[in-house]
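Notes for the one structure printed next.
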Amino acid sequence: MIIQKSIILLAAVIALTSCSNKDSDDNVVIPPTGPPVESNTANTTYTPAFTGQTRIGSVETTTKFEAKIITSSLSAPWGVTSLPDGRLLVTQKAGTMRIVTPAGVVSNPITGIPAVNAADQGGLLGLCIDPAFATNRMVYWVFSEVVSGGNITAVAKGRLADNEATIEGATVIYRSNTPHSSTLHYGGRILFDASGNLFVSTGERSSTDTRPLAQAVTSSLGKIIRITTSGQPASGNPTFTTTGALPELYTLGHRNPQGLAIHPTTGELWQSEHGPRGGDEINRIKPGANYGWPTITYGIEYSGTKIGDGIQQKDGMEQPVYYWDPVVSPSGMTFYKGNRVPEWQNNLFIGSLTATHVVRLVIQNNKVVGEERLLASEGQRFRDITQGKDEALYAVTDQGRLYKIDKI
């Protein structure tokens, strides 16, 4: 168990300054900041596009909280979401789901799920439940699928049986149109928007020959797509004028986007994205926008050479709200919208894989104003994080753990 001690003096400072620092749009209190949490040497000498785009000052949670391991018996969990009754539904990379109670009781593997290709970065990936799950019991998920020509990112849905032992009527509703032999960079997050449609993130599959397709509106690689629950392009999607542009596209120019979350007050979509060597990103998603990969990036090749022209800015391409160099490998993420830890209100929490911690970002007016590393001493690769019905945060790790993070 990890216990975060309150710092009385710092708490007093926050209390005294909260009226002046409270953001009228985001309901955010900006705490005092210290040195950046990252002290290692960057991979590049690239210059940020604006102050605070990287290595923002550190913050520290003053509320007493604890992080408890609910269970360690999951097998490579990839996605976690809360069920209406407070239990958690978890995907396991090899191709099954499990239900975990808040007390840590783990169900038998849920079967009935289409076969996945679990090699390398593939498998059973992100999931979400229908807003009307309490009555229709529908679950939606992303997975890597073997098809003619290679592997793809695919989306499926099915009904969780009343006995919770299987998924009934599992149906693949969407398939990427660009198969490739690569077993990397599938993307893989999925969530509902306010209108009942689905956002899905797809990767560009890592290969040098597919990488440029992140910029091609005729390919679904390296995109965020928006589809109906039957897999059709959603009404109101942005229009791309290029001949053959896919109607399901929402944004383009992504590398390997593994996190999606809706801001609690603005309703906007935010996204986390793996960069190469440096250049991990947090993006605020705008319909029809181009997020630049591989034309612009704050990272370099793993070999140390520049990517493309080695540029970080270009007209018509969006800048990340925030980036990391060295990388943290940001994966699943969620905004905190509970009241149990008031200083976390509307903060963004992100699972970090290679840097093995949970990232906390304080955001005001769409800019990051503070960063904290939580659970860093655990040495875990945090794959996904969600907020439970009890307002606690729940995080899963590649090593099979499920943590509950909550006020004491």
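The values are calculated or read from the model by the stated rules, or taken from the named source; none is laboratory data. Since this is a predicted model, take the numbers as computed values, not measurements. For neighbour counting, all protein chains shown are included, and Cβ atoms are generated from backbone atoms with ideal geometry for every residue, glycine included. SASA here: full protein model, heavy atoms, side chains in, ligands and nucleic acids out. Shrake-Rupley method; radii C 1.70, N 1.55, O 1.52, S 1.80 Å.
Points worth noting:
- Formal net charge of residues neighbouring G52 (Cβ-Cβ distance under 13 Å; K, R +1; D, E -1): +1
- Taken over the stretch 277-398, the convex hull of the Cα atoms encloses 125 Å³ per residue.
- Rounded to the nearest 20 debye, the dipole size of the stretch 308-408 about its Cα centre is 360 debye, using +1 on the Cβ of Lys and Arg and -1 on the Cβ of Asp and Glu.
- Carbon-plus-sulfur accessible fraction, the chain (probe radius 1.4 Å, protein heavy atoms only): 50%.
- All Cα-Cα separations within the stretch 267-328 were binned at 10 Å from zero, giving a P(r) of 24, 54, 20, 2, each value a whole percent of the pairs.
- When all protein chains stay in place and ligands, DNA and RNA are ignored, the 1.4 Å accessible-area order of D280, D390, largest first, is D390, D280.
- Residues in the chain average 38 Å² of solvent-accessible surface per residue, probe 1.4 Å, ligands and nucleic acids excluded.
- Mean Cβ neighbour count within 10 Å, used as a protection proxy, ranking 37-47, 262-272, 90-100, 106-116 highest first: 90-100, 262-272, 106-116, 37-47
- For the stretch 342-390, fraction of C-alpha pairs farther apart than 15 Å, in %: 48 percent
- Semi-axes of the equivalent ellipsoid for the stretch 143-218, computed as √(5λ) from the eigenvalues of its C-alpha gyration tensor and ordered from largest down, come to 27, 16, 10 Å.
- Accessible area, probe 1.4 Å, largest first, for residues E168, E66: E168, E66
- In Å, descending, principal axis extents of the Cα set of the stretch 89-234: 46, 33, 27
- In terms of overall dimensions, the C-alpha atoms belonging to the stretch 235-338 reach 45, 42, 20 Å along their principal axes, ordered largest to smallest.
- Average Cα contact separation per residue, the stretch 222-268, under 8 Å, 6 or more apart, as relative contact order %: 42 percent
- Leading residue at positive end of dipole, the chain (Cβ point charges), from T242, I363, T386: T386
- Using the alpha-carbon positions of the chain, Rg (one decimal) and Dmax (whole number) come out as 20.2, 63 Å.
- For the stretch 50-100, the share of alpha carbon pairs falling in successive 10 Å distance bins from zero is 19, 30, 23, 25, 3 percent.
- Using C-alpha pairs below 8 Å separated by at least 6 residues, the relative contact order for the chain is 17 percent.
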